[in-house]
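Let me begin by presenting the structure, written as structure tokens, before commenting on it.
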Amino acid sequence: MRTVVAHGTGNQNVRELLEELTDAQILRLFCTSTGLTRPVASAASISRLANRRVFAMLSRDQLSTAPSRELVRQAIKKIPLDALSRQTDTGKALGAQWVAASTDKLAARRLRADDDVAYGYLGQSTSLFRRATRLGVATALEAHHVTVRTALRLLENERHIHPEWLPLIDTSTLAKHRESGVEEIRLADVIISPSSQVTESIREVDPHARVRQIPYGSPTTSTSHDPISWDGKEPLRALFVGRMQPSKGIAYVAALQHHFGSRLRLRLVGHRPRLDLPVMRRLISSAEYVGAVDRSMVFDLMRDSHILVLPSLFEGRSLAVLEALGHGLPAIVTAGTGTDDVVAHGGGIVVETGSEESLIKAVESVLNNPPRIEEMSTQALHTAQGNSWANFRTGVRETLEGLVRTHD
């Protein structure tokens, strides 16, 4: 069995897949933007980027790259915020999807008739799947997020709820890509979905799509972690991890900070928007803005916080929530995170998507009952141990093996 995988960067779910396929000796090629099979020692800025993209599980002949667009994208990120805010359209045009399109075309060129499976990701695999269909190669699509159609519907509602955040709710750009992913869904022989929200989103496009729901896992962490506790004498340390965008529920996080004031010590981890909005300035001035940091620092912050707050409108399955549970950090989430099933086991609180009132009530319930933090932390650690990446890896491999057996 020979599998070709394509992804623009190589997130944790991609790495877990590559580990499983290489262990089973069924990966022929991984196509991405930038990547190495071994770390490098060079100029600091180049070394940092390169070493974030090391795929040590691969041999050199299993890795194929198309780096030019990703290097341009990384260079754009270094433009000062004020200058970049005047180049919003350019920044969007030269973003992650632009990079992924190049990787998709690379994978299509490298696909061979004797390959068994072309494995791609939603919104990144049209060229690969078209060629696979012509060659008679089976296609597997991982829908790591909801469709653009679903995102548009949810963001249109948000425009009316939080008009002050309107400049960040760019439905016009999304509308141009409304059909993104639709052709891939229809060309896919099987679709891997990490959450019920994504599965429902796929069904809206094609009710007859062959979907396998295989959740992402929590990271393997030290079993010696003690549960997190809070005595209620200091402000509750709340952590937000993710891009500070409406889709991640940043307007609801701002409402939390405004409502609770000094009772809450809010820390924000992630990229801030390029547009300089008054509501964003107020949020950052009243919270602790950490910015984008590497995963090791995120994990340190998780162990130094009392609660994760992530009221996303939509995602695939939030890795930040799964990582938080793995570090014993209770989470207050919406179904939009795609993790409501695991959090509902007791490692946090599930609140109504798009409801400030529901989110405020959840935080209030914790503020009024400090021992609850330790109770939820204990359950979070227990839940994470039973939700490892091994289940995802095995589930996907078995799905691909079954696909090859039945593919004409």
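Throughout, read-outs are computed from the coordinates displayed, never taken from laboratory work. Note that the coordinates shown come from a computational prediction; the quantities given were computed from them, not determined experimentally. Positions of Cβ are backbone-derived with ideal geometry, glycine not excepted, and every protein chain shown enters the neighbour counts.
Computed from Cα atoms, the angle from the helix 96-110 axis to the main principal axis of the chain rounds to 20 degrees.
With a ≥ b ≥ c the root eigenvalues of the C-alpha gyration tensor of the chain, is it rounded (a/c under 1.5), prolate (a/b larger than b/c) or oblate? Don't skip to the answer; put the middle values down first.
Numbers: a/c = 1.61, a/b = 1.44, b/c = 1.12.
It comes out prolate by the Cα gyration axes.
Please arrange Val363, Val309 by counting, for each residue, the other beta carbons lying within 10 Å of its beta carbon, fewest first.
On the way: Val363 21, Val309 26.
Exposure proxy ranking, most exposed first: Val363, Val309.
Pick from Gly347, Gly316, Gly386 the residue whose mean-square fluctuation is largest in a GNM of the chain, springs joining Cα atoms under 10 Å. Per the Cα network of the chain with a 10 Å cutoff, Gly386 tops the list.
Structural descriptor for the chain: relative contact order 15 percent, calculated from alpha carbon pairs under 8 angstrom and at least 6 residues apart. Modelled spin-label separation between Glu200 and Lys233, with each label point placed 7 Å from Cα along the Cα-to-Cβ direction: 4.4 nm. Counting only residues at least eight positions apart within a chain, or on another chain, the aspartates and glutamates with an alpha carbon under 16 Å from that of Lys105 are Glu70, Glu183, Glu184.
Mean residue ellipticity at 222 nm from the helices of the chain, using -39,500 (n - 2.57) per DSSP H segment of n ≥ 4 over the full residue count, to the nearest 500 deg cm²/dmol?
On the way: 18 runs with 185 residues, N = 408.
When only DSSP H runs of four or more count, the value is -13500 deg cm²/dmol.
Between 0 and 90 degrees, the angle of helix 126-135 with respect to the longest Cα principal axis of the chain falls at about 30 degrees. 3J(HN,Hα) along region 355-363, derived from phi through the Karplus expression 6.51 cos²θ - 1.76 cosθ + 1.60 where θ = phi - 60°, amounts to 10, 5, 4, 5, 5, 5, 4, 5, 5 Hz, with x in place of Gly and Pro. Relative to the dominant Cα principal axis of the chain, helix 389-406 is inclined by about 30°.
Under a 10 Å cutoff between Cα atoms, tell me which one of Gly120, Gly395, Gly326 has the largest fluctuation in the Gaussian network model of the chain. Checking each option, the largest mean-square fluctuation is seen for Gly395.
Hey, fewest Cβ within 10 Å first, where do His271, His327 land in order? Walk me through the numbers before you get to the answer.
Working: His271 12, His327 25.
So the ranking, lowest neighbour count to highest, is His271, His327.
Among Ser358, Ser218, Ser196, which one shows the highest mean-square fluctuation when the chain is modelled as a Gaussian network with alpha-carbon springs under 10 Å? Maximum fluctuation in the GNM of the chain, among the listed residues, is at Ser358.
Quick check on region 236-385: take the gyration tensor over C-alpha atoms, sort the square-rooted eigenvalues as a ≥ b ≥ c, and tell me if it's rounded (a/c under 1.5), prolate or oblate. Provide the component values of the computation, followed by the final result.
Details: a/c = 1.43, a/b = 1.32, b/c = 1.09.
Rounded is the answer for region 236-385, as its axis ratio a/c remains below 1.5.
Within the shell defined by Cβ-Cβ distances under 14 Å, the residues around Leu381 carry a net charge of -3, with Lys and Arg each +1 and Asp and Glu each -1.
Averaging sequence separations of C-alpha pairs under 8 Å and six or more residues apart, then dividing by the length of region 236-385, give the relative contact order as a whole percent.
Values: 287 pairs, mean separation 35.3, N = 150.
Computed over region 236-385, the figure is 24 percent.
Its residues counted as N, region 330-408 yields a C-alpha radius of gyration over 2.2 N^0.38 Å of 1.52.
With a Förster radius of 30 Å, plug the Cβ-Cβ distance of Glu156 and Arg212 into 1/(1 + (r/R0)^6) and report the FRET value to the nearest 0.05. Write down the numbers at each step before the final one.
Numbers: r = 30 Å, r/R0 = 1.00.
That gives a FRET efficiency of 0.50.
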